[in-house]
Amino acid sequence: MNKTEQKISAETTLSQIGKGTLSELRAKNFVYGDHFVQFSVSASDYNKVVVIYDESADLYNVQLWNIDMELVESKLVSEYKGVYCDELSGLVARERISELMREN
C-alpha cells in the first residue's frame, strides 16, 4: 500500500468506529500503516488501541494494550478477532463501559 491508500484505509476504519466513540475515549496520537490504525486513549486498563484490517476476510482484529513507558513494558489486555465493521464502535465503547463499571 502506498501512503495515500494507507491514509484512506485508516480514515475508513476510524469513520466506522465513529467520531463520538473516539471523542469519548479521548483518542489521540493516531498512527496508521498497511491495514492498521492505532491510537492512544484515556483508560486505566488499556491506553493503546490497535485495529488491524484483515483484507482476505474483510474483518477487523482489535487489540487493547497497556503500555507503560516508565517501565518500558507492554501488556496485551484484550484481543478480538473477526470483528465486523459495524461492530467496531460498539466493541470499543463496550470495553470502556466495562472498565468504568469495574472502577466503581
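Below is a table of values for the structure above.
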quantity: Options SER44, SER9: the member that is in contact (Cβ under 8 Å) with a residue 24 or more places away in the chain, touching a His at 6+ places or on another chain (Cβ under 7 Å) and either polar (S, T, N, Q) or farther than 18 Å from VAL83 by Cβ (or both); calculated: SER9
quantity: Any hit, the range 3-24, residues being among the basic types (Lys, Arg) and surrounded by 17 or more Cβ atoms within 10 Å (Cβ to Cβ); calculated: no
quantity: Every residue from the range 47-98 that is within 20 Å of ALA10 (Cβ to Cβ), in a helix (DSSP H, G or I) and among the polar types (S, T, N, Q); calculated: SER89
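Read the figures in this text as sums done on the coordinates, not as results from a lab. Nothing here was measured: the structure is a model prediction, and the numbers come from that model. Please note: Cβ atoms are built from the backbone with ideal geometry, for glycine as well, and neighbour counts cover all protein chains shown.
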